[in-house]
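Each reported figure results from applying straightforward, stated rules to the coordinates on display, with no laboratory input. These numbers were taken from a predicted model, which means no experiment stands behind them. Reconstructed Cβ throughout: ideal geometry from the backbone, glycine too, with neighbour counts over all protein chains shown.
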């Protein structure tokens, strides 16, 4: 990685970390009591994530402002946990303190509905570390053991097998063999039960059972609602896109795009462009990525600031040495400023100019960014550092 590229990443990440996270859609914390959280965790079969903090704790404040507010953190924690914040020095946390010992702040707990600590960690975390911690907690919350024992003893009741495959899927353990064996045994269940079982059981689109979902979409929508069905179908097809990267075969991307088109009521073209962009960046195929990006940008991202920034970040991160990709990054940077003029966007644009050896122009935009930052009342330290680098270039 070149020195110039490292500088860009350092300045971008530092600037964004300090100034932008407060605007993101982060973790949604449950407002009820501890007892209500336990009920909710049991109903939704989720762990409870607890941020045990104190108001005076520096790392606690940093996480609250800069980590919990991040979109990617929020997406992961809101999907997988019941989230709670507990001030350990307030009366509201008395019940919790009586059950769980806290000797340092923050202490991050992952607790099941039986009030058992599945996993915990002491000290502040950055986003990647926090998500990694959460994934470890999920992997430890393996509820499949009890079901496995009953299954191996011969229990093939519908509810048991359904809960078994759901428990396996929850911790990313293979469940397809159980699904195949159960369905091929021709169990005495209704058509509705069969379709709902398949809907819960399968995790990828490249399986024969997916076609039954397609044939029975109306039943699924009637039982679960179109939003729930669409969300699960998109997740299944996206898992197949990730599998395509794992096996380095684009045919699975093609299959995922074909199959989502048969049942998904959302925008299938958008999914297709995003699938190609994902495969392109992960496989470092810049031509594929740029072709899909051009189509995606024109139809979906042209006036969407968050989407422009995501694409720009991919170009900088995955295609450092590709001139066409970095030229496109510069175009997106300019588009960002045009779409919404701000210190942040001007700073991003300046970094793309610097990457393309347009130092004088980069300096001009960086100075504009500095002026706007002062007007907006946001920290200017990273912009000033960047300006000094440009002036010495």
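Key figures for this structure:
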item: Per-selection metrics, the stretch 177-329 (Cα): Rg and Dmax in Å; result: 18.1, 61
item: Proxy reagent accessibility, fewest Cβ within 10 Å first, across 141, 304; result: 304, 141
item: Length-normalised contact order of the stretch 228-350 in % [C-alpha pairs under 8 Å, at least 6 apart]; result: 16
item: Anisotropy class of the stretch 105-150 from Cα gyration tensor, a/c 1.5 cut; result: oblate
item: Fewest-first ranking of 208, 143, 194, using other Cβ atoms within 10 Å as the exposure measure; result: 208, 143, 194
item: Cα coordinate range in the stretch 243-304, projected on the principal axes (Å, largest first); result: 35, 30, 13
item: Mean Cα-pair separation over length for the stretch 291-350, i.e. relative contact order, pairs under 8 Å, 6 or more apart, %; result: 27
item: Projected label distance in nm at residue 75 and residue 391, using a 7 Å step from Cα toward the beta-carbon; result: 3.9
item: Between 0 and 90°, nearest 10: helix 359-376 axis offset from the chain longest Cα axis; result: 70
item: Three-way shape label, the stretch 294-393, alpha-carbon gyration tensor, a/c 1.5; result: oblate
item: Least to most buried among 56, 209 (fewest other Cβ within 10 Å first); result: 56, 209
item: The stretch 61-132: relative contact order in percent, alpha carbon pairs under 8 Å with at least 6 residues between; result: 33
item: Whole-angstrom gap from the stretch 340-381 to the stretch 34-78, using each part's C-alpha centre; result: 34
item: C-alpha long axis of helix 127-140 to longest principal axis of the chain, angle in °; result: 10
item: Prolate/oblate/rounded call for the stretch 46-149, Cα gyration tensor, a/c under 1.5 rounded; result: oblate
item: Cα centroid separation, the stretch 112-129 to the stretch 130-176 (Å); result: 20
item: Per-residue [θ]222 nm for the chain (sum of -39500 (n - 2.57) over DSSP H runs n ≥ 4, rounded to 500); result: -20000 deg cm²/dmol
